[in-house]
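Remarks on the structure that follows.
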Amino acid sequence: MANASLVTTFILMGLPHAPELDMLLFGIFLVIYVLTVVGNLLIMLLIIVNPHLHTPMYYFLSNLSFIDMWYSTVTVPKMLMTLESPEGSPISFPSCVAQFYSFDFLGSTECFLYTVMSYDRFLAISYPLRYASMMSGRMCAILATTTWLSGSLHSAAQTTPTFRLPFCGPNQIQHYICDAPSILKLACADTSTVEMVIFVNIGLVALGCFLLIMLSYVSIVHSILKIRTSEGRWRAFQTCASHCTVVLCFYVPLVFIYLRPGSKEVVDRIVAVFYTVMTPLLNPVVYTLRNKDVKKALLKLKKSVFIQSK
């Protein structure tokens, strides 16, 4: 792929901002990144060491935490580098390809995982007596493996045609990551076919997964309304509210950037912060740390560490 290009290095120009905000933004995003990595690592540790959390729901949550930790790692460090240099941060052609693939791979895998998680919640609420047999360990492993494989194929279908294009002119990427809309603007060839492939590819995945998630939640609401006790209904609604919140925070910016006609670089870069930086941080907070079972596991882990330290 690289042989077709005369460009060996791209320049990531970063977020649009006033130069005097460099240090402030650097500090904010560094803190967010550290909290994201530590928070998601903590969630994975709690799920691994606590037998009470060895359920399908937490199995998928551990997958989500793993994705979010790396999703943030793929994007935020390069963003921090662009804030350190007003001229932008250089990234080699192979590194740009790797970041492009990894970013899309993790993002599309997260889309598929949200769909699987909504299906899991649907089974848990609609078929409580049959849930354990329907979501066996083997079935969970199959569903998780399918999401990762699907994400890998989806990313390859976008990365390959994008970087087969010749890049012989300007090398400044008006973004803080190597992303499709910004990369395609630098190609020295007609990109209409590749743009259509990416548009259809992302459209099918994003809208398809979103519709399946909405279908699951319509069925879930229907099942919740059949619960006789108000306490039971409230508990069921609480279980699903966090998932819906995170899904909307992830999908709304995604659809805005990739599935609307035209592209405004400044707006796209600012909106991209929501699903590349904020969502990976929100997941451990909204999804798990507000959960009673996780709080109990966290207190138990804290007590055991305190006892061992004595």
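The values are calculated or read from the model by the stated rules, or taken from the named source; none is laboratory data. Fair warning: this is a prediction, and the values are worked out from it, not measured in the lab. With ideal geometry, Cβ positions are generated from the backbone for all residues, glycine too; neighbour counts draw on all protein chains shown. These accessible areas exclude ligands, DNA and RNA; they are computed on the full protein's heavy atoms, side chains included. Shrake-Rupley method; radii C 1.70, N 1.55, O 1.52, S 1.80 Å.
Couple of notes before you dig in:
- Remark: accessible surface ordering of D120, D104 (largest first) is D104, D120, probe radius 1.4 Å.
- Extension reserve of the F237-S92 stretch, reckoned as 0.36 nm per residue once the Cα distance is removed: 47.4 nm
- At an R0 of 30 angstrom, the distance between the Cβ atoms of A18 and V221 translates into a FRET efficiency of 0.10.
- With N as its number of residues, segment 18-143 has a Cα radius of gyration that, divided by 2.2 N^0.38 Å, comes to 1.36.
- Distance histogram for the chain (every C-alpha pair counted, 10 angstrom bins, percent rounded to whole numbers): 6, 25, 31, 22, 12, 4, 0
- Ordered by solvent-accessible area of protein heavy atoms (1.4 Å probe), largest first, the residues T162, T73, T245, T8 come out as T8, T245, T73, T162.
- The convex hull drawn around the Cα atoms of segment 4-60, when projected onto a plane and averaged over every direction, covers 8.0 nm².
- Computed helical MRE - 222 nm, the chain, DSSP H runs ≥ 4 contributing -39500 (n - 2.57), nearest 500: -24500 deg cm²/dmol
- Surface share of carbon and sulfur [accessible, 1.4 angstrom probe, percent] for the chain: 70 percent
- Accessible area (Å², 1.4 Å probe, nearest 10) - K296: 140 Å²
- Residue-level accessible surface for E195, protein heavy atoms, 1.4 Å, Å²: 90 Å²
- Non-local Lys pairs in the chain, i.e. 8 or more apart or on different chains, that have alpha carbons under 28 Å apart: 13
- Based on the Stokes-Einstein relation at 25 °C and a viscosity of 0.890 mPa s, and on the Kirkwood radius from alpha carbon pairs, segment 99-146 is assigned a translational diffusion coefficient of 207 µm²/s.
- Taking 0.36 nm per residue of separation and subtracting the Cα-Cα distance, full extension of the segment from F199 to M134 would add 19.9 nm.
- Per-residue SASA entry for V246, accessible area with 1.4 Å probe, Å² rounded to 10: 0 Å²
- Membrane-span-like helices in the chain, defined purely by DSSP H runs whose alpha carbon atoms cover 30 Å or more axially and whose average Kyte-Doolittle hydropathy reaches -1.0, are 22-49, 56-84, 93-126, 137-163, 192-224, 230-258.
- Computed with a 1.4 Å probe over protein heavy atoms only, the accessible surface of the chain comes to 50 Å² per residue.
- Amide hydrogen proximity for L12: with H placed 1.01 Å from N in the peptide plane, the residues at 5 or more positions away or on another chain lying under 5 Å are S89, I91, I173.
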